1. Within segment 25-40, can one find any residue that is among the basic types (Lys, Arg), touching a strand residue (DSSP E or B) at 6+ places or on another chain (Cβ under 6 Å) and modelled with pLDDT of 90 or more?
2. Report, by residue number, each residue of segment 51-68 that is outside any loop (DSSP other than H, G, I, E, B) and modelled with pLDDT of 85 or more.
Amino acid sequence: MSNVLVFIEQRDGKIRKSSLEALTLGRTLAGKTGGALAAAVVGSGISGLAVELAAYGAAKRGATSRPMAVAEARTMDGLKAVAAASSAAV
């Protein structure tokens, strides 16, 4: 059994199409391995995204609500935010 974690990219509180496509692929992979699909998202204005992530099959969802630019994701603070969301999802 292998669980699948998908990092969700969002802009202005809306999930990007590429992330929805990744969730669909992740759901397929998790189904083939008998694992669970989890999703992690970072940003501000994301509290309403849990319902949409669940609709795409994310049994576990983790979020860190804080503003974060794409460039910041490469910094230590950005990595900590992503790690916190990922830990909450699994």
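1. Yes, that holds for at least one residue.
2. Correct list: Val51, Glu52, Leu53, Ala54, Ala55.
Yes/no per residue for (1) surrounded by fewer than 13 Cβ atoms within 10 Å (Cβ to Cβ); (2) touching a residue at least 12 places away in the same chain (Cβ under 8 Å); (3) within 13 Å of the chain's Cα centre (by Cα); (4) in a loop (DSSP other than H, G, I, E, B):
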site: Met1; (1), (2), (3), (4): yes, yes, no, yes
site: Leu5; (1), (2), (3), (4): no, yes, yes, no
site: Leu20; (1), (2), (3), (4): no, yes, yes, no
site: Leu29; (1), (2), (3), (4): no, yes, no, no
site: Lys32; (1), (2), (3), (4): yes, no, no, no
site: Gly35; (1), (2), (3), (4): no, yes, no, yes
site: Ala39; (1), (2), (3), (4): no, yes, yes, no
site: Val42; (1), (2), (3), (4): no, yes, yes, no
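The values are calculated or read from the model by the stated rules, or taken from the named source; none is laboratory data. Keep in mind the model is a prediction, meaning the values are calculated, not measured. Backbone-built Cβ (ideal geometry, glycine too); neighbour counts: all protein chains shown.
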